[in-house]
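S.K.: What follows is a single structure, and I will ask about it in a moment.
The values are calculated or read from the model by the stated rules, or taken from the named source; none is laboratory data. Since this is a predicted model, take the numbers as computed values, not measurements. Neighbour counts run over all protein chains shown; Cβ positions are idealised from the backbone, glycine included.
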Amino acid sequence: MSEMNGNHTSTGLRLKIGLAEMLKGGVIMDVMNVEQARIAEEAGAVAVMALERVPAMIRAEGGVARMASPKLIKEIMAAVTIPVMAKARIGHFAEAQVLQHLGVDFIDESEVLTPADEAHHIDKHAFTTPFVCGARNLGEALRRIAEGAAMIRTKGEAGTGDVVHAVQHMRQITKELRQLTVAREEELYHLAKEHGAPYELVRMVAKTGKLPVPNFSAGGIATPADAALMMQLGAETVFVGSGIFMKERATPLDVENDAKEREEAVSRARAIVIATTHFNDAKIVAEASEQVTGTMKGLAAAAIEERDQLQTRGW
Amino acid sequence: MMTEKPTCIGVLAIQGDSDAHAAAFAGLGIATKPVKTASELAQVTSLVLPGGESTAMLRLLRRDGLDIALRDFVHTRPVLATCAGCILLAREVCNPHQESFAALDISIERNAYGRQNDSAILPVETTLPGGPMEAVFIRAPRILKTGAKVETLATRDGYPVLVREGKILAATFHPELSDDRRVHEAFLEMLRES
């Protein structure tokens with residue numbers, strides 16, 4: 001992993017991390033159609049994630065969740081000028097090849113979709129398109145980085161509107177980072193084993209105190225205050241999935257035909273963007289929160305059986 | 001000459017890679033201040049407009065008079081702008097058209113080279129001393145036209161990628177993501193001149 005060390009980082013990886021750097025301080029929004037993508041862009045999203053169904057709908061409807069249709073992804077790419085991301089199933093490198101061919105700007109190897117491989121994640125070094133992957137702890141984050149991920153996000157518990165697991169994962173990662181920085185040199189070998197992560201990466205992180213790629217947050221962020229919370233806990237950008245365009249648990253706002261519901265989505269999107277930028281200023285977060293009409297109903301994450309959790313997919 | 005408050009470089013930190021610029025200046029021994037509001041802008045004497053998403057920045061500027069304060073600032077004070085920042089300063093933006101501060105007499109095309117898969121790190125010819133410079137292009141814009149007062153300091157395939165006009169130094173690439181500090185040093189030199 002010596003190529004990740006400052007100047008020696010390979011050109012491809014520098015470009016991938018470079019795009020992740022450009023997304024910092026922003027909001028990445030899940031969108032299911034062209035109209036939602038336009039709303040996201042106008043509201044100030046830094047990127048959109050093109051999906052057939054947001055996590056809340058996948059959770060409610062069940063079935064196998066797969067990569068979105070290329071037709072939908074192309075329509076969304078044509079509709080907005082900001083980067084477009086799309087999800088591939090864990091381990092499904094053929095879906096990732098399709099997404100790279102389509103020209104998406106970032107691929108999310110995501111636990112929100114039904115995993116395609118129970119033992120292997122995608123070899124992300126084999127792609128020119130950058131990847132983001134979810135993590136619940138430092139070891140998982142470093143394993144994904146070793147495989148070539150250019151951005152890490154907390155998994156949280158997607159599709160719930162309950163931020164509790166995103167908080168838990170972010171606190172876990174930052175706590176484990178802090179612990180590494182005070183470890184003695186000879187302890188790092190043991191810690192690498194404990195975290196199940198490559199020693200070289202563990203040693204690098206012990207020196208810098210931070211991940212070698214941007215650290216974003218996702219999974220249950222639904223309100224401006226949720227975004228401000230994750231940013232104060234150390235997230236560099238937030239993903240908002242079901243929180244903007246969902247009305248009931250499995251019903252999206254009708255932004256195409258209902259002006260009032262469109263306005264509701266716009267108000268949520270704008271408010272979360274402002275709160276993410278001004279996360280340290282409670283006055284501005286309060287102002288932004290006041291502009292919001294309606295909030296995703298949500299599902300308490302504690303009420304979800306462990307086997308129904310999305311975050312336990314991947315390792 | 002009138003004495004002014006000591007020079008202080010601000011970095012617009014509403015969205016984008018402002019930390020990379022702050023780190024670049026820190027490496028040169030210069031402290032910077034993050035700027036998110038009009039009152040913070042009033043505390044600095046020069047400004048960096050970082051890379052990021054220009055559409056997101058435009059939306060975030062439209063709050064509490066920051067856009068109005070910034071428009072005045074970029075027309076009168078020294079500014080270093082990279083990528084999205086360069087788009088914000090342009091006289092004209094296309095692909096698609098979007099509003100801009102028109103402080104720099106250039107016409108600029110967004111995402112001109114394509115999408116992320118077309119991003120590239122290339123050596124570019126430059127008139128800055130020291131020979132060709134590494135340039136990190138990420139979903140980069142392209143400067144299509146420059147006005148008579150705009151000096152071109154570096155080019156890619158004949159198109160300007162680093163330009164200067166008066167107190168503005170602007171790049172379509174990301175010098176903050178390279179180790180070569182010549183662009184940031186050139187900006188410090190401009191501050192000393194003014």
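S.K.: Check whether at least one residue in segment B:175-188 is within 14 Å of chain A (Cβ to nearest Cβ) and under 12 Å from the mean Cα position of the chain (by Cα), and report yes or no.
M.R.: Just the residues of segment B:175-188 that are within 14 Å of chain A (Cβ to nearest Cβ), to begin with: B:175-181.
Applying the additional criterion that residues be under 12 Å from the mean Cα position of the chain (by Cα) yields B:175-176.
Within segment B:175-188, one or more residues are within 14 Å of chain A (Cβ to nearest Cβ) and under 12 Å from the mean Cα position of the chain (by Cα).
S.K.: Still on this structure, please answer the following. Out of all the residues in segment A:73-92, is one or more touching a residue at least 60 places away in the same chain (Cβ under 8 Å), charged (D, E, K, R), away from chain B (no Cβ under 12 Å) and part of a strand (DSSP E or B)? Spell out how you get there, then give the answer.
M.R.: So the first thing to find is which residues in segment A:73-92 are touching a residue at least 60 places away in the same chain (Cβ under 8 Å), and the list is A:83, A:90.
Those left that are additionally charged (D, E, K, R): none.
No, the conditions are met nowhere in segment A:73-92.
S.K.: Can you tell me which residues in segment A:98-121 are over 17 Å from the mean Cα position of the chain (by Cα) and more than 17 Å from A:Ala150 (Cβ to Cβ)?
M.R.: Correct list: A:Val98, A:His101, A:Leu102, A:Ala116, A:Asp117, A:Glu118, A:Ala119, A:His120.
Matching residues to (1) over 15 Å from the mean Cα position of the chain (by Cα); (2) buried (at least 17 other Cβ atoms within 10 Å of the Cβ); (3) of a type in the set (A, V, I, L, M):
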| residue | (1), (2), (3) |
| --- | --- |
| B:Ile106 | no, yes, yes |
| B:Gly114 | yes, no, no |
| B:Ser119 | yes, yes, no |
| B:Val136 | no, yes, yes |
| B:Thr146 | yes, yes, no |
| B:Val150 | no, yes, yes |
| B:Val163 | no, yes, yes |
| B:Lys167 | no, yes, no |
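S.K.: Just checking, which of A:Ile274, A:Ile284 is assigned to a helix (DSSP H, G or I), under 21 Å from the mean Cα position of the chain (by Cα) and buried (at least 17 other Cβ atoms within 10 Å of the Cβ)?
M.R.: Working: A:Ile284 fails: under 21 Å from the mean Cα position of the chain (by Cα).
Exactly one residue qualifies, and that residue is A:Ile274.
S.K.: May I ask you to list the residues in segment B:35-48 that are closer than 19 Å to B:Ser194 by Cα and surrounded by 23 or more Cβ atoms within 10 Å (Cβ to Cβ)?
M.R.: Answer for segment B:35-48, where residues must be closer than 19 Å to B:Ser194 by Cα and surrounded by 23 or more Cβ atoms within 10 Å (Cβ to Cβ): B:Leu47, B:Val48.
S.K.: A follow-up question, please. Might you let me know whether segment A:46-68 holds any residue that is assigned to a helix (DSSP H, G or I) and within 11 Å of another protein chain (Cβ to nearest Cβ)?
M.R.: Let us first name the residues in segment A:46-68 that are assigned to a helix (DSSP H, G or I), namely A:55-61.
Subsequent filtering for residues that are within 11 Å of another protein chain (Cβ to nearest Cβ) retains none.
No, there is no match, as no residue in segment A:46-68 is assigned to a helix (DSSP H, G or I) and within 11 Å of another protein chain (Cβ to nearest Cβ).
S.K.: Right, next: Tally up the residues in segment B:87-107 that are in contact with a strand residue (DSSP E or B) (Cβ under 7 Å, 6 or more places away or on another chain), within 13 Å of another protein chain (Cβ to nearest Cβ) and on the phi < 0 side of the Ramachandran plot, please. Break it down into steps so the answer makes sense when it comes.
M.R.: Going residue by residue through segment B:87-107, those that are in contact with a strand residue (DSSP E or B) (Cβ under 7 Å, 6 or more places away or on another chain) are B:87-95, B:100, B:102-107.
With the extra rule that they be within 13 Å of another protein chain (Cβ to nearest Cβ), the set shrinks to B:87, B:93-95.
Then drop every residue that is not on the phi < 0 side of the Ramachandran plot, which leaves B:87, B:93-94.
Total satisfying the criteria: 3.
S.K.: Taking A:Leu299 as the residue in question, decide whether it is modelled with pLDDT under 95, aliphatic (A, V, I, L, M) and touching an Asp or Glu at 6+ places or on another chain (Cβ under 6 Å). Steps first, answer last, please.
M.R.: Values: modelled with pLDDT under 95: yes; aliphatic (A, V, I, L, M): yes; touching an Asp or Glu at 6+ places or on another chain (Cβ under 6 Å): no.
In short, no.
S.K.: Would you check which residues across segment B:5-21 are over 14 Å from B:Leu60 (Cβ atoms) and either in contact with a helix residue (DSSP H, G or I) (Cβ under 9 Å, 6 or more places away or on another chain) or hydroxyl-bearing (Ser, Thr, Tyr) (or both) and list them? Working first, answer last.
M.R.: Kept after step one, since they are over 14 Å from B:Leu60 (Cβ atoms), are these residues of segment B:5-21: B:5-11, B:17, B:19-21.
Hits for segment B:5-21 are B:Thr7, B:Ile9, B:Gly10, B:Val11, B:Asp17, B:Asp19, B:Ala20, B:His21.
S.K.: Moving on. For segment A:11-38, how many residues meet the condition of being in a helix (DSSP H, G or I), under 22 Å from A:Phe279 (Cβ atoms) and either aromatic (Phe, Trp, Tyr) or more than 9 Å from every other protein chain (Cβ to nearest Cβ) (or both)?
M.R.: Residues that pass the stated criteria total 1.
S.K.: Here's another thing I want to ask about it. Say we look at segment B:49-76 and pick out the residues that are surrounded by fewer than 20 Cβ atoms within 10 Å (Cβ to Cβ) and among the β-branched types (Val, Ile, Thr); which of these is farthest from the other protein chains (Cβ to nearest Cβ)?
M.R.: My answer is B:Thr76.
S.K.: Another question about this same structure. Of all residues in segment A:93-110 being of a type in the set (A, V, I, L, M) and more than 9 Å from chain B (Cβ to nearest Cβ), which is surrounded by the fewest Cβ atoms within 10 Å (Cβ to Cβ)?
M.R.: Residue satisfying both the conditions and the ranking: A:Ala94.
S.K.: Considering only segment B:113-138, state which residues are facing chain A (nearest Cβ under 8 Å), hydrophobic (A, V, I, L, M, F, W, C) and part of a loop (DSSP other than H, G, I, E, B).
M.R.: B:Ile138
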